[in-house]
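Everything below concerns the one structure shown next.
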């Protein structure tokens, strides 16, 4: 048994012997599997113009997956808000919440999710939102969401004299859209603290800044209507197997891919066999040992023990497991092992809701 909520994050990884369409289908298949295993949340990443990931439109995938699951909350990990209008994002997630009976999460990020040229192409006009207006975008999004719940004036939504007073994100109604802030450095932690939002630290992106980020978040946290006290979640690489040797075998494609990415040689994920046969360069041999130590990989009981230790040390409330295995059955098996050893159950999750 574990004393923290276990969630999943998926990026729709593209493997060399498949294509983007297959990657998306496997994300849906994975979600349906995890929905029966007691996972609390299933979140979808946003990436653009990359050969490695097919998840470019999490808001669309959320709707489809929510329609094919019944227990988990389905969310974005995250929506890269600088690309978009706060009103449009509020409308999209209000619609998703209405269609799913409120079973939708809105995770926000500030990173571009792609290269600068692609970020410019995503903008609706000739000029992108500058990074310094991100807090104003977040504030406006929260105001639209609160207004849709019928709040106004001092209770939430827009002040009486706000120029957007009277503009509503439809469909209005009682369903709430929980909002979360993602980050892998200091900025996301400060923004989460400023708005009183739960904070998800992207450990799989930057495993070295957790102490600093959480200290900044907790030190500067301001209670809000969204969150009365700090709430911390950890998104990290997790891969569990019956033995440490099997886990190392399954993790090899992820580690090879990450070592190539760190050398600006990003591409699709190698298959399990391609990864085992990979001819390592001296640069690979220098980088690979560092990559292999990231996250939590190994025999399932050892993985859960190490995860539990980190959760206790940093007082983490929920963990998002990102499992990158190019074989969908092996990926589902890793999540299934975690669920069984952790004592999760879909029936218990449904009852808690």
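Among the conditions (1) more than 17 Å from the chain's Cα centre (by Cα); (2) at pLDDT below 95, the only one that residue 25 does not satisfy is (2). Within segment 264-279, being modelled with pLDDT of 95 or more and either touching a helix residue (DSSP H, G or I) at 6+ places or on another chain (Cβ under 7 Å) or surrounded by 16 or more Cβ atoms within 10 Å (Cβ to Cβ) (or both) holds for 268, 269, 270, 271, 272, 274, 275, 276, 278.
Count of segment 81-110 residues, restricted to those that are at pLDDT below 95 and closer than 15 Å to residue 199 by Cα, is 2. Scanning segment 26-39 for residues that are out of contact with any helix residue (DSSP H, G or I) (no Cβ under 6 Å at 6 or more places or on another chain), outside any helix (DSSP H, G or I) and surrounded by fewer than 23 Cβ atoms within 10 Å (Cβ to Cβ) turns up just one, 35.
I need every pair where a residue in segment 147-161 that is farther than 17 Å from residue 172 by Cα has its Cβ under 9 Å from the Cβ of a residue that is outside any loop (DSSP other than H, G, I, E, B) and modelled with pLDDT under 90, sequence separation at least 6 or different chains. Cβ pairs passing all conditions: 159/153; 160/153.
Might you check whether a residue that is part of a loop (DSSP other than H, G, I, E, B), surrounded by fewer than 22 Cβ atoms within 10 Å (Cβ to Cβ) and touching a residue at least 12 places away in the same chain (Cβ under 8 Å) occurs anywhere in segment 40-47? Reasoning before the result, please.
Just the residues of segment 40-47 that are part of a loop (DSSP other than H, G, I, E, B), to begin with: 40, 45-47.
Right, trim to surrounded by fewer than 22 Cβ atoms within 10 Å (Cβ to Cβ) and you get 40, 47.
The next check asks that each one be touching a residue at least 12 places away in the same chain (Cβ under 8 Å); those that pass are 40, 47.
Scanning segment 40-47 turns up at least one residue that is part of a loop (DSSP other than H, G, I, E, B), surrounded by fewer than 22 Cβ atoms within 10 Å (Cβ to Cβ) and touching a residue at least 12 places away in the same chain (Cβ under 8 Å).
For the structure I just gave you, tell me whether residue 289 is in a helix (DSSP H, G or I) and at pLDDT below 95. Answer is yes for this residue.
Each residue in segment 126-157 was checked for being in a loop (DSSP other than H, G, I, E, B), touching a helix residue (DSSP H, G or I) at 6+ places or on another chain (Cβ under 6 Å) and either closer than 16 Å to residue 226 by Cβ or at pLDDT 95 or above (or both), and 2 of them qualify. Checked against the criterion of being over 23 Å from the mean Cα position of the chain (by Cα) and in a loop (DSSP other than H, G, I, E, B), the candidates 263, 283, 273 yield just one match: 263. Do we have any residue at all in segment 175-188 that's modelled with pLDDT of 95 or more and over 23 Å from residue 46 (Cβ atoms)? No, segment 175-188 has no match at all. Scanning segment 3-22 for residues that are farther than 23 Å from residue 265 by Cα and in a loop (DSSP other than H, G, I, E, B), we see that the one that is nearest to the chain's Cα centre (by Cα) is 4. State whether one or more residues within segment 225-240 are surrounded by fewer than 21 Cβ atoms within 10 Å (Cβ to Cβ), at pLDDT 95 or above and more than 30 Å from residue 317 (Cβ to Cβ). So far as segment 225-240 goes, no, none of its residues is surrounded by fewer than 21 Cβ atoms within 10 Å (Cβ to Cβ), at pLDDT 95 or above and more than 30 Å from residue 317 (Cβ to Cβ).
Can you find a residue that is assigned to a helix (DSSP H, G or I), more than 30 Å from residue 198 (Cβ to Cβ) and in contact (Cβ under 8 Å) with a residue 40 or more places away in the chain anywhere in segment 292-299?
So the first thing to find is which residues in segment 292-299 are assigned to a helix (DSSP H, G or I), and the list is 292.
Now drop any that are not more than 30 Å from residue 198 (Cβ to Cβ), which leaves 292.
If we keep only those that are in contact (Cβ under 8 Å) with a residue 40 or more places away in the chain too, we end up with 292.
Within segment 292-299, one or more residues are assigned to a helix (DSSP H, G or I), more than 30 Å from residue 198 (Cβ to Cβ) and in contact (Cβ under 8 Å) with a residue 40 or more places away in the chain.
In segment 62-79 there is at least one residue that is part of a strand (DSSP E or B) and surrounded by fewer than 23 Cβ atoms within 10 Å (Cβ to Cβ).
Checked against the criterion of being surrounded by 14 or more Cβ atoms within 10 Å (Cβ to Cβ), more than 21 Å from the chain's Cα centre (by Cα) and modelled with pLDDT under 95, segment 299-321 contains not a single residue that satisfies it.
For residue 199, are the conditions met, namely being within 30 Å of residue 332 (Cα to Cα), crowded, with 21+ Cβ neighbours inside 10 Å and without any contact (Cβ under 8 Å) to a residue 40 or more places away in the chain?
On the way: within 30 Å of residue 332 (Cα to Cα): yes; crowded, with 21+ Cβ neighbours inside 10 Å: yes; without any contact (Cβ under 8 Å) to a residue 40 or more places away in the chain: yes.
Yes.
Let's see how each residue does on (1) over 20 Å from residue 1 (Cβ atoms); (2) touching a strand residue (DSSP E or B) at 6+ places or on another chain (Cβ under 6 Å):
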site	(1), (2)
285	yes, no
292	yes, no
312	no, no
316	no, yes
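The values are calculated or read from the model by the stated rules, or taken from the named source; none is laboratory data. Computed from a predicted structure; not experimentally measured. Virtual Cβ from ideal backbone geometry, glycine too; neighbours counted across all protein chains shown.
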